[in-house]
Structure formats: C-alpha cells, structure tokens
1. Against the condition closer than 25 Å to B:Ala309 by Cα, more than 10 Å from chain A (Cβ to nearest Cβ) and surrounded by 24 or more Cβ atoms within 10 Å (Cβ to Cβ), how does B:Met193 come out, does it pass?
2. Quick check on this structure: which one of B:Ala231, B:Ala240 is crowded, with 24+ Cβ neighbours inside 10 Å and either more than 14 Å from every other protein chain (Cβ to nearest Cβ) or within 18 Å of B:Val374 (Cα to Cα) (or both)?
3. From B:Pro247, B:Pro333, grab the single residue that is in contact (Cβ under 8 Å) with a residue 40 or more places away in the chain and under 20 Å from B:Val377 (Cβ atoms).
4. Of all residues in segment B:127-154, count the ones that are in contact with a helix residue (DSSP H, G or I) (Cβ under 8 Å, 6 or more places away or on another chain) and small (Gly, Ala, Ser).
5. Collect the residues in segment A:105-128 that are surrounded by fewer than 18 Cβ atoms within 10 Å (Cβ to Cβ) and more than 10 Å from chain B (Cβ to nearest Cβ), keeping them in residue-number order.
6. Scan A:Leu26, A:Leu11 and give me the residue that is out of contact with any Gly (no Cβ under 7 Å at 6 or more places or on another chain), of a type outside the set (Gly, Ala, Ser), under 21 Å from B:Gly225 (Cβ atoms) and at the interface with chain B (Cβ under 7 Å from one of its Cβ atoms).
7. Please work out which one of (1) within 17 Å of the chain's Cα centre (by Cα); (2) in contact (Cβ under 8 Å) with a residue 24 or more places away in the chain; (3) under 18 Å from A:Leu56 (Cα atoms) is the condition A:Arg82 fails and give its number.
8. Pick from B:His180, B:His139: which is within 29 Å of A:Ser23 (Cα to Cα), out of contact with any Lys or Arg (no Cβ under 9 Å at 6 or more places or on another chain) and surrounded by fewer than 23 Cβ atoms within 10 Å (Cβ to Cβ)?
Amino acid sequence: MLRKAIPGLLLLWCTLSFSVEMSTALAEWDQRATSPRGPRSWRFGNPQLDRLTTCLDDVRGQVPPGSVLVFASPSGQEATERAAFFRTRWAAYLLPEHEILPIDDPAAPQVAEYVIDYRAGLDLPRLELLAQLRGCRLFKVRPL
Amino acid sequence: MIAPIAMTAVLALAVVLAVLGSRFSGALVHTGDSAPHRCVVYGLAGALVVHLLLTMLDALGISWHPLLLVLLLAAAIGLAHFVPPRPAEPARLPSDLGWGDALALFALLVFTCTALTLWTMTPDFIYHWGIKGSRFFLHRGVDYAWLARPWNWVLHPDYPNLLPELFATSAIFVGKFEPHAQMLWTSIFFLLMLASAREGLRAAGDRWAGQAALAILGLTSALFGMGHLMAGAADWLMAAAFLAAVPALLRPPDRAGDWQIGVAAGFAAASKIEGAPFALILAGTQLLRRMIAERRLDWRAAVRLSLPAAAVGAPWLLRVFRHHLFLGSNSGPFDLSRADVILPALAEALADPAWHGLSLLVLLGPALLFVRRVRPVAAVATLQLLFYLYVYFTAPVETRYYVLTSFARLIFHLIPALIVAGAVALAERRRDRSI
C-alpha cells in the first residue's frame, strides 16, 4: 500500500505542478511584448531589451572590435534593483567582441575609449559626441 | 536559417562526444549496463577528452580553428581505439519502455520547447555561461586575458569552462554563436539524467516504483527548469554527473564502476567550481566503500577514481592561479553567528515557488543514510549539502542575498539522484517485508 501511495501522491503533485509551470511559461510568453520587467528580469522578447539591442547594433557599426566601452544608464528607482548594473551585463553579452565596463567602475576613467550613454544624460568634459544612435548616444573619450 | 544549422551542429557534436567516449568502452562499461547508460558514460568521457584537448590547445597558444578541431577529434577517436584493454559486451537496448518513460520524455519535450524560445533561459546565460561561450567562440579559445580584467569579476572568471567550451565549439563549426541552439545542450544533459536514472532504478527491481520515480524525476526537473529559468545553466551538468555515478554507487564496487564514478567526478570538476569538492566526495565515497569491503587500500582503484578529476583539476588550478582569477569572495573564516541569517534564508529558499515544495526532497539525503542499500548515494548528497552550508558560513559576501540567490538552484544538483535513491530504498523496504 505504502509502496504505491507515496510515489503515487508525489507523482500527482509533480504532474499538477508541472502543468502550472507550463501554463505560466506559456502565458508569460504570450505577454512578453507588454511585460513591465526591470533589467534584472529581462528576457529575450521583452521590448525593453529590444530597445537596448537596437542601440547596441548601431554601436557595433561605429566602434572597432576589441575597443573598451563604458556603459552608462540610469539607476532604478530602488537601489536594490541594480538596474544600471544589469543593463551593463546585458550590454556585455550583446557586444562580446568588446570590453564593456560600467561607468562607476574604478578603472573606467583610465581605460575607456568610448562611452555609451543609454538615457543616462551624461555631460562630462572628456566626452566628445561621436553619434546620436537609436535610443542612445555614443561618445569618444578624450585622453587624460 | 542559422538556428536549425546551429542546432544540428550541437546535436552532431554531442554524438561525436559519445562516439569518442565509446572508444573507452572496455574500461567504462560494466557487464549488464544498458545502452542508454552506456551513452551517458560515453558522452561524459568524450566531453572530458574534448575539454582536455581544448585545454592543451590553449596552453600551447593554438586557436580553435574548426578544421583543426575536426582533425583532432578524428585523431582522438582513432587513437583511443587502442586504449581499451578488452572489448565490451554488445549493448542491450531497452525493450521495457513504460508509462514513466513516456511522462519523463514528455516533460523533457515541453521543457525543450520553452528553452528553445529562450523564455526559460537562465539569467546566468547572460551574466556567466553564455557570455563566456560567446567570447571564447570569437577568441577561438579561452580568453584568459579577458577573464582577468578587473571589471570581469562578475563573470566568475575562476569557474571551470567545460560548458562555455561546448557552447563555443559547436558555434565554431557553424560560424555564429546562436543562443537558441545552445539551449539544446541543457536538453541533452536532461536526457542523460533520465538515462542514468533509468539504469539506477533498474536496481530497485520494482517496475512500478521505477517508472513512477522516472516520471517524478522528469516532471520535477522540467517544472523547476521552467519555473526557476534554468535553460542554459551548468547546474544540469552537476545533476547529470551525480546521476551518472548512481548505478555504480548502488552496486558493490567494481573496476568499471570506479571508472564510471571517476569520469562523473571529472565531469563535475570541469563543470562548476562546486564540482571540485563534489568530485572529491564522490571519489572518496567509492574509495571508502572499497576499503570497507576489501579491508585494504586499492591504489589502482584510487587512480581510476581520481585520474579524470585530477587531469581536469590540475590545469584548471594552474590557470586560475597564473592569471589571478580566484575570487576573494569564495572563501573566508567560519562564522557561526551567521546562522541567524542563514537558517531563515534557507527556509525561504526551500519555499521557492519554482520548486512547488519539492525542494524538501533534499532532506532525503540525511534520511536515506539509514538505508544500507542507498547509503553511498545519500552520503554523497549529504556531504555536498554540508559543503554548500559551509560555504554560506564562510564566504565574505552578503549572506542572505547569497543564500536566496543560490540555494534553490544548488539543491537541484542533488534532488534528481535522491529521487532515484528514494525509489530504490522504498522497493528495498517492500522486499525486506515480503521476506
């Protein structure tokens, strides 16, 4: 009795839980174009990510491979969101041929060759506007 | 159009790995091993050989040109033909497929469909595994200079690179890094998990319990994979390595079992940083079983158990220290006062909605220590669990965040093997009562 009852109940629970996860995944997939997710939870298909990808596609045409790029974007409303951090990680993934570091990295002032301003509104004396791209600005960094 | 070609490349590479591993069949196969389990052991062994070849190319400063890789793979398959000391018996295909197999394969299929859309892709594919694979593909090798950049600490530069290497190698054959196709690796490891579990469950000698456990394992892995976003993660490799060792841990120690466990240990050590202690625990458990059974230390068994992990671990450690990749956040002094933070965080992590309460199956580890038949599996799971807890007490990072972002995922390494062990223990209990 016990031999079948325990696995049987567990199997039933697993089947129900599997159905829930499957339908959740499908429902979220259907709503991917209207998802209000922050950068930490972005997934392919989200419009927020599509906007960043568009900007970075333009950057790719302007900057030689292997360049050191600093990425700047606004912080989230709450510090725990770490929105700028996660946007930078996405930028690094989407531009693997480049070196990408966040603007608040201690090494940034020394090593940066270009800066991507993704709606951060940067206004720094060493930055020279190179191009106004779709959804972002690309700057060349003047040497120290 | 590139995605189907890239997917074909992933599948073709997986087949080549298994063919390469099959050259060692004389050493790896135990009498009576089924064809699916042989494929698992061959696949893991082939992946280890390719990992070592790529490591050698990196050490020599030779880039991974696709033609060179083809030649090396062909040469490795040819040369390895001379390695086996004796031919293995012909493989036995499973003729007893049942409802549990069907349910598990259905779960795998559904998971694969969601993974291929990238909707259930792990965020770590972006922050860790995928970006490394993509970079290594462009660099035609492991880019240690890039890993060593101070700002790239977020990529966990000190981790072993087997999974990014598999991503990069399959991409090199197509000429493009295609994330959709790379998700197939997860499905392949999921399939290997099912094949090994099936072999382990044969030891239960109870068809109904075996089929139920297989279905539970398939559904649990798929539902957690979808709910916790696990496609593209390296945690599947750890779970597959543990399950690959389970059949050998469930029978009395033997030569082929030593090799199977050794290969599983090496595979885990090449997959993730926590795979290194897992390899030690796995190989140590089998060695201890041998010492208890034979009342002596069998040095040849020790070599069989430790050689694959040592072959993987030594060059990895060399590279990590040479390029200063080891992160300070990995270790620190043991701080018992953290228990106040760790225990509530563990409870919270166990209640992760993606597990649907099934995370509690990890408690089978200590519980099954009292069942003689499955004690080796339970011991490995319990020791690895204790290692994870030890890390929480020592790592100099924000503890609560660390536990909440890792524990639910780490226990996935253990739960699939514990489901198999639990089913075997249940069948054992029934058999004891019927005698």
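The values are calculated or read from the model by the stated rules, or taken from the named source; none is laboratory data. Not measured: the values here are computed from a predicted model. Methodologically, a virtual Cβ is constructed for each residue, glycine included, from the backbone with ideal geometry; neighbour enumeration extends over all protein chains shown.
1. Judged against the criteria, B:Met193 is a match.
2. Working: B:Ala231 fails: either more than 14 Å from every other protein chain (Cβ to nearest Cβ) or within 18 Å of B:Val374 (Cα to Cα) (or both).
Every option except B:Ala240 fails the conditions.
3. One residue alone meets the criteria, B:Pro247.
4. 4
5. Hits for segment A:105-128 are A:Pro109, A:Gln110, A:Glu113, A:Arg119, A:Gly121, A:Leu122, A:Asp123, A:Leu124, A:Pro125, A:Arg126, A:Glu128.
6. Answer to the check: A:Leu11.
7. Evaluating A:Arg82 over (1) within 17 Å of the chain's Cα centre (by Cα); (2) in contact (Cβ under 8 Å) with a residue 24 or more places away in the chain; (3) under 18 Å from A:Leu56 (Cα atoms) leaves (3) as the failure.
8. After ruling out the rest, the residue left standing is B:His180.
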